[in-house]
Amino acid sequence: MNFCSHCGSPVRVGVPEGDDRPRHICDACGAIHYHNPKIIAGCIPVWGDHVLLCRRAIEPRKGLWTLPAGFMEQGETLSHAAMREAFEEANVEVEITGLQSLFSLPHISQVYVFYHARMVAKRFSPGAESLDTRLFLEAEVPWNEIAFETVRRSLRYFFADRRNGVFNLHTEDVVPEAHRIPGEC
């Protein structure tokens, strides 16, 4: 960031009084510009024993499989964002049935939230960001072609919970080895 979005003046990087980290500061108007993590909302659409996956038509990870998910928009709730993404990516209408997983990825400043979802009808097709959409049994999931680690973990938790007959909320910090603090799990 080079210029203030409030007044257009140049900004500097510094630690504001009472803060503990560097921010973009505008000395002309006094605005402090915060850059906060992005929230990604998605769901695990279920039809009977199957889950619905989408093959990505866009980067990153074009051609790999994922759950319908994407960035939360201003003015919407998490569950609405998850339902919207399911419709945008898979043309599927879902009913949210509960919170499934929450992942913090501090190294890329993102938070992923996945919901359990029931497909309202067995109607789906690729949206603008998908090459293909398909229902998979657990044994059919293309594990080596899953686009994101958060999706892989959500699916593994989902299938394990379904086998156990109890759906739990799973929370996890996903930190690649290169970003771990010594002694951190």
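Kindly indicate which of Arg162, Arg123, Arg156 is surrounded by 14 or more Cβ atoms within 10 Å (Cβ to Cβ), more than 21 Å from the chain's Cα centre (by Cα), of a type outside the set (Gly, Ala, Ser) and modelled with pLDDT of 95 or more.
Arg162
Of all residues in region 25-66, which are part of a strand (DSSP E or B), hydrophobic (A, V, I, L, M, F, W, C) and within 29 Å of Phe3 (Cβ to Cβ)?
Those that are part of a strand (DSSP E or B), hydrophobic (A, V, I, L, M, F, W, C) and within 29 Å of Phe3 (Cβ to Cβ): Ile25, Ile32, Ile39, Ile40.
Is there a residue in region 142-159 that is in a helix (DSSP H, G or I) and of a type in the set (Asp, Glu)?
Checked region 142-159: at least one residue is in a helix (DSSP H, G or I) and of a type in the set (Asp, Glu).
Given the condition closer than 20 Å to Lys62 by Cα and either in contact (Cβ under 8 Å) with a residue 12 or more places away in the chain or in contact with a His (Cβ under 6 Å, 6 or more places away or on another chain) (or both), answer yes or no: does some residue in region 158-171 qualify?
Within region 158-171, none of the residues are closer than 20 Å to Lys62 by Cα and either in contact (Cβ under 8 Å) with a residue 12 or more places away in the chain or in contact with a His (Cβ under 6 Å, 6 or more places away or on another chain) (or both).
Consider region 7-21. How many of its residues are of a type outside the set (A, V, I, L, M, F, W, C) and at pLDDT 95 or above?
Residues flagged as of a type outside the set (A, V, I, L, M, F, W, C) and at pLDDT 95 or above within region 7-21 amount to 5.
Taking the stated definitions as given, is Val113 touching a Leu at 6+ places or on another chain (Cβ under 6 Å) and surrounded by 13 or more Cβ atoms within 10 Å (Cβ to Cβ)?
Spelling it out, Val113 is indeed touching a Leu at 6+ places or on another chain (Cβ under 6 Å) and surrounded by 13 or more Cβ atoms within 10 Å (Cβ to Cβ).
The values are calculated or read from the model by the stated rules, or taken from the named source; none is laboratory data. Keep in mind it's a predicted model, so treat the numbers as computed, not measured. Every residue, glycine as well, gets a Cβ built from its backbone with ideal geometry; the counts of neighbours run over all protein chains shown.
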